[in-house]
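So the structure is just underneath, and the comments pick up after that.
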Amino acid sequence: AICKVLVAIAFIVSSVAAECTKDLECCRPGTLQQGDPPNAEKGSFCTMKPFEADYKLRIGKKAPMQLNLVDYCTDEILYSSYFAPEIDKFSLVNFPCTYSPLPCSQQPESRQEECLAGKAVWDEVGCTDDGTSFYHRVVQKRVCNPENYPDKNERGYMYYPPDEGDIDTPPSKGGCNCNWEMMRQKAVNRTGSSTATYTTGVPDGFIREGMGTFYVEVVVGGRKTSENIENCRCEGPHDVSKECMCLLGTRKVPYVYNNSVLPYLTALVSIKDGRLIFKRTFVSFNFEANGIGCAGCPVDACWGVPKQGEAGMQAWGFQGFDLDLESKLMCGIRLEPDAEYPDEAFCQYPQSPRDIDACSLKVYVAWVGTDAGGHACTSSNEMFSKFTQMGVSNIAVDFYNGFSNIATTVDRRITGRETT
């Protein structure tokens, strides 16, 4: 793998702590951690491992975090970015240029003036349409379709075509299954054992056409949004249980889904006495639980939790399948306009630098629990799920239509690493 440093801003969080005796198991911010080159002068940030026992988080200080784009089949990190939100401040980390607006030449005459003005803003903020943007290099190439994933692909996926259905079965979309034989051979090569087998991956039928083959992951102090938790866990790559569907629907959330984007995620960090090592501490994506689901968007732009079992995976691929989801979680915004719904929101050029956030990937961070001094965190009260007028499920559409006055300030980017 080749790592390319996209942004390099030195940032060390001070900590008075004893040397860690388990080099690959714990660290303090700024020290070497697993995956760092042994000859590196400074550690990458201490995110993938637990903090040392005497390092505790305090309200008002900054916490090292990592955002990853992770391959669904291999759980390998495709891209990493480091940032440092303030503890117990409802913060936003914005990653512009993660989508590509529909060119003005493909939009109706009535939108030409508005589109050309937006194109000028797009160029001004540094996004490009020449094929070299982050979207073209990383995101677009990892959307499930026959062009990106032919019958067999070195990236470990096998595309299968749509099914027109019959009198008893609705039509279904195509999709991309993990190439299990290729993954098995990689496991053999990695371990040297002829009986080794793969331990990662998602069930056949989960990655449907138009969906990204990677999920978004937030990491802090060795805790991940993607980790197994009680009643929301996968026991293997072919698991189709209710618990595994919960994990895939709520903890391994894609950015691209059904040719739409899910641009707004909120990571809730739970701490106890400033630490993340307790059983009931966690970092999870936050979704509302009031049952309104995806009332604000077309059915095929709704992300949610699939139903369990083989029948659930089959229904997951049906056209309009999300009418039969286990639970509906949030709306996406279409990357291109839908001929059947011409008035629905889709990703266009922004009209001001502030509007760049309409479709770009964003992660809000909120905190709950107590810090090192026993002070209660309150920023979770600012999460969108706390407000019925603008819940999580409709936030993308609401932001697109300008219903929110929440400031979309960009938090401090630290480093970014892209793996190809």
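Just a few scattered comments:
- Note on Glu147 and Glu181: the extension gain reaches 10.1 nm, defined as 0.36 nm multiplied by sequence separation minus the Cα-Cα distance.
- The length gained on full extension between Thr197 and Glu113, counted as 0.36 nm times the residue separation minus their Cα-Cα distance, comes to 24.6 nm.
- Candidates per GluC sites (Glu not before Pro) in region 217-248, loop by DSSP, up to 15 other Cβ within 10 Å: Glu230, Glu235
- Take the Cα of Thr132, step 7 Å toward its Cβ, do the same at Lys279, and the gap between the two points is 5.4 nm.
- Accessible area per residue for region 103-153 is 59 Å², calculated with a 1.4 Å probe on protein heavy atoms, without ligands, DNA or RNA.
- Of Lys272/Lys307; Lys89/Lys141; Lys186/Lys328; Lys224/Lys362, pairs whose Cα-Cα distance is over 28 Å: Lys272/Lys307; Lys89/Lys141; Lys186/Lys328
- Cα gyration tensor shape for region 40-114, rounded if a/c is under 1.5, else prolate or oblate: prolate
- Fully extended contour minus Cα-Cα distance, from Glu310 to Asp163, at 0.36 nm per residue: 51.3 nm
- Computed packing ranks the peptides 333-340, 247-254 as 247-254, 333-340, most packed first, by mean other Cβ atoms within 10 Å.
- The apolar share of the surface of region 151-211, taken as the fraction of accessible area on carbon and sulfur atoms (1.4 Å probe, ligands and nucleic acids excluded), comes to 51 percent.
- Overall shape: oblate for region 54-172, with the ratio a/c of the largest to smallest alpha carbon gyration tensor axis at 1.5 or above and b/c at least equal to a/b.
The values are calculated or read from the model by the stated rules, or taken from the named source; none is laboratory data. Fair warning: this is a prediction, and the values are worked out from it, not measured in the lab. For neighbour counting, all protein chains shown are included, and Cβ atoms are generated from backbone atoms with ideal geometry for every residue, glycine included. All accessible areas refer to the heavy atoms of the entire protein, side chains included, with ligands and DNA or RNA removed. Shrake-Rupley method; radii C 1.70, N 1.55, O 1.52, S 1.80 Å.
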